[in-house]
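Written out below as structure tokens is the structure these notes cover.
The values are calculated or read from the model by the stated rules, or taken from the named source; none is laboratory data. Since this is a predicted model, take the numbers as computed values, not measurements. Using ideal geometry, Cβ is built from the backbone for each residue, glycine included, and neighbour counts are taken over all protein chains shown. Just so you know, the surface numbers come from the protein's heavy atoms only, side chains and all, with ligands and any DNA or RNA stripped out. Shrake-Rupley method; radii C 1.70, N 1.55, O 1.52, S 1.80 Å.
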Amino acid sequence: MTQAFRLAKGGLVDRSQTLEFRFDGAAYNGHGGDTLASALLANGVRMVGRSFKYHRPRGIFSAGSEEPNALVELRRGARQEPNTRATMAELFGGLDARSQNYRGSLKYDLLAVNDLFSPFLSAGFYYKTFMWPKPFWEKLYEPAIRAAAGLGRLSREPDPDVYDKGYLHCDILVIGAGPSGLSAALTAGRAGVRVILADEDFRIGGRLNAETLGVNDMAGSDWADATRAELASMDNVRVMTRTTVFGAYDHGVYGAIERQTDHLPHSSGKPRQVLWRIYTRRAIVCAGATERSIAFPDNDRPGVMLAGGVRAYANRFAVGTGRSVSIFTNNDTGWRTASDLSAKGVPIAAIIDTREISPLAAPRGAAVVMGGRVTGTKGRHCVRSITLAGGQTIECDCLAVSGGWSPNVHLTCHQRGRPQWNEDIAAFTPGGDMPFGMRVAGAANGIYSLQNCLADGRETAVGILDEFGLNPPADDALTADEEAASISAFWHVREGKGRAFVDLQNDVTVKDIRLSHQEGFRSVEHLKRYSTLGMATDQGRTANVLGLAILAQASGKSIPETGTTIFRPPYTPVAIGAIAGRSRGKEFRSVRKTPGHRWAEKNGAKFVESGLWMRAQWFAREGETHWRQSCDREVRQTRASVGICDVTTLGKIDIQGRDAAEFVNRVYSNGFAKLPVGKCRYGLVLREDGLVMDDGTTARLGENHFVMTTTTANAVTVFRHLEFCRQCLWPGLDVHLISVTEQWAQAAIAGPNARKLLEKLVDPDHDISSDAFPFMACGEISVCGGVPTRLFRISFSGELAYEIAVPARYGNSLMAVLMQAGEEFGATPYGVEALNVMRIEKGHATGSELNGQTSARDLGLGRMMSDRKDYIGRVLSQREHLVREDGLKLVGFKPVDTAQELKAGAHFIAKGKEMTTENDEGWMTSVAWSPNLQTSIGLGFIERGDSRIGETVIAADPLREKSIEVEIVSPHFIDPEGERLRG
Amino acid sequence: MAEFDLIAESPLNGLQRAFEGVTVEEVSGRAIVSVAFSDRAGLEQAVRTSLDLTLPFVGNTARVETRDLLILSLQSDQIFVLFPQTGHRPDLEIAEIAGDQGLVTDQSDGWALLRVSGPGSRTALERICMLDLHPDIFTVGAVARTVMEHLGVIIHRDGEQSFLLMSARSSAESFAHAVVTSVENVI
């Protein structure tokens, strides 16, 4: 298709490059440097979508990121992306775009019937209309509304694109590469400071590309090109196009999204978008200003556009937006649209200015109506004529509207700064309380002439250089063409029939705003929620000021009294994928593997995630089809002979210093000061509130050297706690901490043959006989010909057991060597399932019991709370509730009917009582099938448990609909006297 | 010779990846010993005597070329010493130097070491490292503790275009993947 509306010459598009693209299935051509919007307009495509609520035909309204109407779906399949602004989509060969929000076809949308019901669809119509009958809401109304609501369609497939994030640093971040931004960046760059210049457009220059105004006797766009080249040549400057700075955060940190491959047919596996965190010393917001509309009846028809956008299409993209263009304006910039278009041969039908006195000369042939108002438009899918207040009708196929310009103050308000009203330009400008280090220059600061913008950019940069103690570079005096920019506020036309739209994206009309006010929504924040003014992708950038001006008029207040809504990040839409970055699927978090992981993998281990760790759950052998078979075998074999378990994941903390013993003694509730060198002791760490934080064994390797073990889950918490104690509570103690969790690979060797197995590895000069190395002994020995080893005779399983630690590099080999040495005993590796069974059989607590809500007394470890020393948690552990005699106690449970299976999480209720919260006596924390006892066994907390041994209660499990009778028993199911572990 | 031999393995199995302008390689064979101290002056004296070296301040490093020894000053009361691993007890080798002024802990097996080098290394690290690695800010010889992809990392600039990264052994595969992905995303 020919580009019938492409102007014969001019523009910044690359006419040598013709790009074919599709819109709603039809093929079109555009040029390099086009946006989808400019290419569609060049091809005469005026209607590009349907409105949100009323499904009214809508066309391209603007030429920038503020676009409320032209939202399209791009790409196909899983890469389909809805709600893309056609004005921001850079054209590439093969681009496939589709209009959205209709049933049937774009031109003949069945849901356009909504427009007929518009009197019923006013602000807050959901709340008023769907009140009754009540049951209809969930079953009928909501599904129907949801089916009709929303703009684009998601692919419903996972996003196949790659996203990344990154970190940048600079002295000055310049946000926006229009005239003030370029001027500021040039000054800062020449002074040698580190500058990042970011702009959301793919072409540097901002309005310089959209206007015909010159700088330094060059075309504005040529000057922008030259400046870009100079900046790009500086090592200290980074120019980032296609990059939107979307948020201003604490301490001079900014969020930015860089669209790296959206302008290409394929990403080629590279990140599509990169989310940058930019650390700055100073930032200069040069974000420019956004033109706003005037509300008048039927002002939403395709062909009604912002005048600045019309000018941008003509000057930058060489596109005439109509065969005959009229202008409706309240300020001088509208007149520039007329003169620019006329100079390019586009006929101007009329200029309608709300002001009384003509400020400028009109192009030849254009009717001028001063004090005029547009009261309506006509045309089915595109404007064909407009009607003025006097009844005059003017034929035109494009109406360029300018209601003035609103500085883009958003970033200045991201930390709750409030903008201030400036009557001279009828707009809000940045207030005083801006984020740390932020300055504003140019149009974003309410300075509208090109000459002043250039000067303001430079002066702002010079001011910052001065704060840095640096001299500014020589002023090369940028000069620009003069321009007129006066305005007289005019918000909406009262005459005429038809709806006057304020917010095109949300179909909010003047009437809706007045109605909201009438119904009591006086605050602008309430107005927003009730009417949806200023919501969705454009966040009301063309609508907000207009909307609150109308609210102000309705309430008889001034605009400053009415105020604005709070601006929050992000400034423009940011894809969730970009926020997630690489954190998807398996990369959501890192994985920790023990040194023996590879050995376990090769030997049939099934792994379970335990925090970040991967732990072997069980080791399946040939013929085993259920985990219980593997687990039962591992338990039986360990208790019968010997089993080996990788326990590297336990936290290990090296504690050294002259006061190490005192430190450990204060951290644990039980005594450690007198622990002999070469011995281990089980200890409890309490929190300040007296509840148990963690448990573990600590070994004294030397007079001033301890190694503490923690549970896997609490390794970091305990280390952090110890550092807090060391640095904040007792800075006077000479003690140093370092984690050695990663340094040592550790394995438990448990079972009657554990010693025999170990003796085969231990170097001859070490004696580990029971006499020389009794229960709870520890020592630094060597194995396998000199490999340094830490050996602890401790037992979690209740068997004769050791934990052996070797440097992690040998961890994988250690598992193989232990199995090799244990072959004659039929040694088995065992996983955390078997570990769990054996510790329940022995009555040992783990995370299910140490859940942050239980005390040492609850756990039956009250005797471990020393009364002969001070320790963390001592005072608060004596609170009345924690020392009551009828408190919870950890005990064992067995089903009365041994064919029944216990369930963790069941709550205990006395027999014959109702299953209510009031009757709840405790809960089951851990359960297991005991292959040794051939019954299901469990641990749990129950009131006065230790004095109720033998009693039966109900383990109620209403969620799983299973309640069974259980007997309260000792938590030590196996070897209560501990003979085995001392063997 | 013992009946059973333990075989040593490096955390990343000798990973080596070369890209255009960036190389990522595992550094192995280095002993790492932590030295904690309460009296900086005392340790300084000990180090001066045995190594003829001034103890660097936090964020800086020092080298003893003759012994291929690198000192990373990580916090006000702790340094790491890196040197070729020749024996089973590198901690005792450093204890000899520190005497009673330093508390040594062997960390040789706790860390995976990666060197990222080449002209594109800084650009690649921009994707995971939140520190400012500009050569005027993070100069050759600088060291810092930081976080990359939620993993604790020690980063040391050991050349104009070369960075030594240290991260925990257990998560080394995830860390290496993060580093390599960063390179792949920018080349």
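Where the second residue is of a type in the set (Val, Ile, Thr) and open to solvent by less than 10 Å² (accessible area, probe 1.4 Å) and the first is part of a strand (DSSP E or B) and lies in segment A:823-845, which pairs have Cβ atoms under 6 Å and are six or more apart or on separate chains? From residues that are part of a strand (DSSP E or B), the pairs are A:Pro829/A:Ile644. Report yes if some residue within segment B:97-111 is away from chain A (no Cβ under 13 Å), within 21 Å of A:Pro807 (Cα to Cα) and surrounded by fewer than 23 Cβ atoms within 10 Å (Cβ to Cβ); otherwise report no. So far as segment B:97-111 goes, no, none of its residues is away from chain A (no Cβ under 13 Å), within 21 Å of A:Pro807 (Cα to Cα) and surrounded by fewer than 23 Cβ atoms within 10 Å (Cβ to Cβ). The criterion of being in the same structural domain as A:Leu19 (by TED's automatic domain parsing) and open to solvent by 50 Å² or more (accessible area, probe 1.4 Å) does not hold for A:Arg98.
Yes or no: segment A:254-266 includes at least one residue that is in contact with a Ser or Thr (Cβ under 6 Å, 6 or more places away or on another chain), buried (at least 17 other Cβ atoms within 10 Å of the Cβ) and not β-branched (Val, Ile, Thr). Checking segment A:254-266: at least one residue is in contact with a Ser or Thr (Cβ under 6 Å, 6 or more places away or on another chain), buried (at least 17 other Cβ atoms within 10 Å of the Cβ) and not β-branched (Val, Ile, Thr). Of B:Thr61, B:Thr86, B:Thr66, all but one fail to be more than 26 Å from A:Ala808 (Cβ to Cβ) and more than 10 Å from chain A (Cβ to nearest Cβ); the exception is B:Thr66. Answer yes or no: is there a residue in segment A:632-642 that is among the polar types (S, T, N, Q) and within 14 Å of chain B (Cβ to nearest Cβ). Looking for residues that are among the polar types (S, T, N, Q) and within 14 Å of chain B (Cβ to nearest Cβ), one finds none in segment A:632-642, hence no.
Filtering segment A:521-569 down to residues that are among the polar types (S, T, N, Q) and crowded, with 20+ Cβ neighbours inside 10 Å, which residue is farthest from A:Thr84 (Cα to Cα)? Top of the filtered list is A:Thr562. When the residues of segment A:648-678 are filtered to those that are of a type in the set (Gly, Ala, Ser) and assigned to a helix (DSSP H, G or I), the one that is most open to solvent (accessible area, probe 1.4 Å) is A:Ala661. Residue count for segment B:1-50 under the criterion of being open to solvent by 60 Å² or more (accessible area, probe 1.4 Å), within 12 Å of another protein chain (Cβ to nearest Cβ) and farther than 30 Å from B:Gly120 by Cβ: the result is 6.
Under the condition of being over 13 Å from B:Thr139 (Cβ atoms), crowded, with 19+ Cβ neighbours inside 10 Å and in contact with a strand residue (DSSP E or B) (Cβ under 6 Å, 6 or more places away or on another chain), the residues counted in segment B:153-178 number 10. For segment A:891-918, what are the residues that are open to solvent by 20 Å² or more (accessible area, probe 1.4 Å) and within 21 Å of A:Gly860 (Cβ to Cβ)? Within segment A:891-918, A:Lys894, A:Ala904, A:Gly905, A:His907 qualify. The one condition from (1) within 14 Å of chain B (Cβ to nearest Cβ); (2) out of contact with any strand residue (DSSP E or B) (no Cβ under 9 Å at 6 or more places or on another chain) that A:Asp161 does not meet is (2). If only residues of segment A:773-782 that are open to solvent by less than 20 Å² (accessible area, probe 1.4 Å) and touching a residue at least 24 places away in the same chain (Cβ under 8 Å) are counted, the one that is nearest to the other protein chains (Cβ to nearest Cβ) is A:Gly779. The condition of being crowded, with 23+ Cβ neighbours inside 10 Å and modelled with pLDDT of 95 or more holds for only one of A:Leu686, A:Leu691, A:Leu701, that being A:Leu686.
Kindly evaluate B:Arg145 against the criterion of being surrounded by fewer than 18 Cβ atoms within 10 Å (Cβ to Cβ) and either within 12 Å of the chain's Cα centre (by Cα) or at the interface with chain A (Cβ under 10 Å from one of its Cβ atoms) (or both). So B:Arg145 passes the test.
For (1) modelled with pLDDT under 95; (2) within 30 Å of A:Gly643 (Cβ to Cβ), each residue gets a yes or a no:
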{"position": "A:Ser926", "(1), (2)": "no, yes"}
{"position": "A:Leu939", "(1), (2)": "no, yes"}
{"position": "A:Ile954", "(1), (2)": "no, no"}
{"position": "A:Arg960", "(1), (2)": "yes, no"}
{"position": "A:Pro971", "(1), (2)": "no, yes"}
{"position": "A:Ile974", "(1), (2)": "yes, yes"}
{"position": "A:Gly978", "(1), (2)": "yes, yes"}
{"position": "A:Leu981", "(1), (2)": "yes, yes"}
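Within segment A:448-467, none of the residues are in contact with a His (Cβ under 9 Å, 6 or more places away or on another chain), touching a residue at least 40 places away in the same chain (Cβ under 8 Å) and among the polar types (S, T, N, Q).
Residue under question is B:Ile79, and the condition is that it be over 14 Å from the mean Cα position of the chain (by Cα) and either modelled with pLDDT of 95 or more or open to solvent by 40 Å² or more (accessible area, probe 1.4 Å) (or both); does it hold? Answer is no for this residue.
Just so you know, in segment A:500-520 the residues that are in a loop (DSSP other than H, G, I, E, B) and open to solvent by 30 Å² or more (accessible area, probe 1.4 Å) include one that is nearest to A:Ala123 (Cα to Cα), and it is A:Glu519.
Residue by residue through segment A:308-325, note down the ones that are open to solvent by 10 Å² or more (accessible area, probe 1.4 Å) and closer than 15 Å to A:Ser62 by Cβ. Spell out the reasoning first.
Going residue by residue through segment A:308-325, those that are open to solvent by 10 Å² or more (accessible area, probe 1.4 Å) are A:315-316, A:323-324.
Answer for segment A:308-325, where residues must be open to solvent by 10 Å² or more (accessible area, probe 1.4 Å) and closer than 15 Å to A:Ser62 by Cβ: A:Asn315, A:Arg316.
When you look at A:Arg681, is it open to solvent by 10 Å² or more (accessible area, probe 1.4 Å), basic (Lys, Arg) and without any contact (Cβ under 8 Å) to a residue 40 or more places away in the chain, yes or no? So A:Arg681 does not fit the description; no.
Set side by side, the residues A:Arg809, A:Arg874, A:Arg790 differ, and just one is under 46 Å from the mean Cα position of the chain (by Cα), open to solvent by 30 Å² or more (accessible area, probe 1.4 Å), in contact (Cβ under 8 Å) with a residue 40 or more places away in the chain and within 14 Å of another protein chain (Cβ to nearest Cβ), which is A:Arg809. Would you call A:Asp886 outside any helix (DSSP H, G or I), within 28 Å of A:Ala754 (Cα to Cα), of a type in the set (Asp, Glu) and in contact (Cβ under 8 Å) with a residue 24 or more places away in the chain? So A:Asp886 fails the test.
Could you tell me which of the residues A:Val718, A:Val707 is within 11 Å of another protein chain (Cβ to nearest Cβ), buried (at least 21 other Cβ atoms within 10 Å of the Cβ) and under 44 Å from the mean Cα position of the chain (by Cα)? So that I can check it myself, show each step before the final result.
On the way: A:Val718 fails: within 11 Å of another protein chain (Cβ to nearest Cβ).
Just a single option satisfies the conditions, and that option is A:Val707.
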